[in-house]
């Protein structure tokens, strides 16, 4: 499939999810309920559907069977179409893997850093759709990952695969499961309609399969408890770019992708923030009762980035009458690939997410995180050989959104990743990746707006016996934005006298 076709397909899929399903009717945009706690694309308030995870709607055996079937089919597909013998597993290879050492594998970056986490998200979805809670589903994901390493491939089991599939799979799979469930739940209180079922299956295929394959047994929908949700879809194009790279000067240019950035490439982006702090009565008792998810596709790179962070263990807090927040331990999975280099990490971070009403009409939302995980980074090479290094990573995040009434919002995000040579397959160097973006959104009419965005990425790498590597990419884009709410996700708990919609629901 051509790159342009891929991004158009992604854009179409985002609109299938966002427009027909979450906004079937022209929604009331600035109601007091939407001001207090926005819903996904201003759709109906989520209503519980049957009893999820109760009685026969909960099973320990069904997800195990589904995972086994999925792995069997994946193994058979890879045997037939991969063109390599890595998947020709048998009893002999299984015995060897059980007795042998675990190593760092040499698969391509995209296979290890997005393929394996997505495989783990399937395991997680099978378990959650069968009524298991987050921690049980995470255990299934971790064990299933180890089973695949031993039985699904003939190559030696891999440490880095186990981390990205076992942990990254859960940090990616839970937002997908929650988004699918929210779509199913927001349907005027009745059973989900056909298109909502299709949309949910697109978001989380393992959830869709479990719901369809067992009759009415798993028709119950996970209860969201009506979180405050911020959603947006962006479709645009890069209008200017700048690249500064010393790869060519190092005499290795023939092994690397061109050190340039495509001007005019199309971009599609989907963002959801779920469980924003400040809604009265909403609690954070379950993992990922707050999460932030972002997915970006581009014509030059089908997956520009996939980023997920969620509150694993934490609670809410308040400071005065104008500040509400949550804090605790977050799980994060990031995959970032700005054409000429890539970085991906799975980590645990301490931090906080909060909203502050700075004045009657101006709100500030933000997240600050700092943590440790395991990451991989490196240049983007044109060949099939391994083009990245892995190791223990330290990372930080600062994300801010200034909301000016119901007209303008300004988003600023900075990420820093430091990939060390600790627990690494390459113990003579390190990588430092910085990713920052600034976007200005103007709501023009109802939920329709325009966005101007600048994204900057920088990589600095140093290795013993090799010249240092420095690469920078900057891109300016402009595009159309379909917003989820007129106030850009601001949650308003204030009384009417302070500019809010008033107390009560």
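Restricting attention to segment 312-321, the residues that are without any contact (Cβ under 8 Å) to a residue 12 or more places away in the chain and either in contact with a helix residue (DSSP H, G or I) (Cβ under 8 Å, 6 or more places away or on another chain) or assigned to a loop (DSSP other than H, G, I, E, B) (or both) total 1. If I filter segment 234-248 for residues that are buried (at least 23 other Cβ atoms within 10 Å of the Cβ), in the same structural domain as residue 367 (by TED's automatic domain parsing), modelled with pLDDT of 95 or more and in contact with a strand residue (DSSP E or B) (Cβ under 6 Å, 6 or more places away or on another chain), do I get at least one hit? For segment 234-248, residues buried (at least 23 other Cβ atoms within 10 Å of the Cβ), in the same structural domain as residue 367 (by TED's automatic domain parsing), modelled with pLDDT of 95 or more and in contact with a strand residue (DSSP E or B) (Cβ under 6 Å, 6 or more places away or on another chain): present. Might you check whether a residue that is assigned to a loop (DSSP other than H, G, I, E, B), within 30 Å of residue 267 (Cβ to Cβ) and in the same structural domain as residue 308 (by TED's automatic domain parsing) occurs anywhere in segment 204-217? No, segment 204-217 contains no residue that is assigned to a loop (DSSP other than H, G, I, E, B), within 30 Å of residue 267 (Cβ to Cβ) and in the same structural domain as residue 308 (by TED's automatic domain parsing).
In segment 328-360, how many are assigned to a loop (DSSP other than H, G, I, E, B) and on the phi < 0 side of the Ramachandran plot? Selection size over segment 328-360: 6.
Okay, residues lined up against (1) assigned by TED's automatic domain parsing to the domain that holds residue 407; (2) more than 28 Å from residue 409 (Cα to Cα); (3) surrounded by fewer than 16 Cβ atoms within 10 Å (Cβ to Cβ); (4) touching a helix residue (DSSP H, G or I) at 6+ places or on another chain (Cβ under 7 Å):
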residue	(1), (2), (3), (4)
310	yes, no, no, yes
323	yes, no, no, no
328	yes, no, no, no
335	yes, no, no, yes
352	yes, no, no, no
356	yes, no, no, no
369	yes, no, no, no
373	yes, yes, no, no
379	yes, yes, no, no
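Total residues in segment 457-471 satisfying the condition of being surrounded by fewer than 22 Cβ atoms within 10 Å (Cβ to Cβ) and under 24 Å from the mean Cα position of the chain (by Cα): the figure is 1.
Quick one: which of 177, 202 is surrounded by fewer than 18 Cβ atoms within 10 Å (Cβ to Cβ), under 19 Å from residue 293 (Cβ atoms) and within 16 Å of the chain's Cα centre (by Cα)? The unique qualifying residue is 202. Just one residue in the set 101, 88, 107 is more than 22 Å from residue 214 (Cα to Cα), under 26 Å from the mean Cα position of the chain (by Cα) and outside any helix (DSSP H, G or I); that residue is 107.
The values are calculated or read from the model by the stated rules, or taken from the named source; none is laboratory data. In this text the structure is predicted, and so the values were computed from the model without any measurement. Every residue, glycine among them, receives a Cβ derived from its backbone with ideal geometry; neighbour counts consider all protein chains shown.
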